[in-house]
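Presented below is the structure to which this report refers.
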């Protein structure tokens, strides 16, 4: 769900995800089809038990229908452990070949009490170049 200030939020399996994407004009070069976006994510554990983020899966789609899937361990080189009520924030980036796109995906978490894995959905969010908003 999109909220104010171009922020997207959702909660699944009692982990709250907040995403704020941003077009990086200084890193982009539209003349050669290079559009760079950053996104800031905050994960908050709302479970009554401690969890660990194990891996991520991203689906990236741009407006020319180029689709990519990215899978990997953790986020930004980390597999954070979150006690009940704790949050973890990070910023990453995504290149596109068009001025508009979207991302969505999931995180795989581990319940550190019973060793069960569970999935948390990352809300779909738009990547839109500043000049497309005018």
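The values are calculated or read from the model by the stated rules, or taken from the named source; none is laboratory data. This structure is a prediction, so every number in the text was calculated from the model and none was measured. With ideal geometry, Cβ positions are generated from the backbone for all residues, glycine too; neighbour counts draw on all protein chains shown.
Against the numbered list (1) assigned to a loop (DSSP other than H, G, I, E, B); (2) farther than 24 Å from residue 119 by Cα; (3) out of contact with any strand residue (DSSP E or B) (no Cβ under 9 Å at 6 or more places or on another chain), residue 27 comes up short only at (3). Put simply, of 38, 28 the only residue that is over 18 Å from residue 125 (Cα atoms), modelled with pLDDT of 95 or more and out of contact with any helix residue (DSSP H, G or I) (no Cβ under 6 Å at 6 or more places or on another chain) is 28. With a requirement of 1 or more residues that are surrounded by fewer than 12 Cβ atoms within 10 Å (Cβ to Cβ) and without any contact (Cβ under 8 Å) to a residue 40 or more places away in the chain, the strands (runs of 3 or more DSSP E) lying completely within the range 33-134 that satisfy it span 67-73. If you go through the range 13-26 and keep only what is closer than 30 Å to residue 99 by Cβ and touching a residue at least 60 places away in the same chain (Cβ under 8 Å), you end up with 17, 19, 21, 23, 24, 25.
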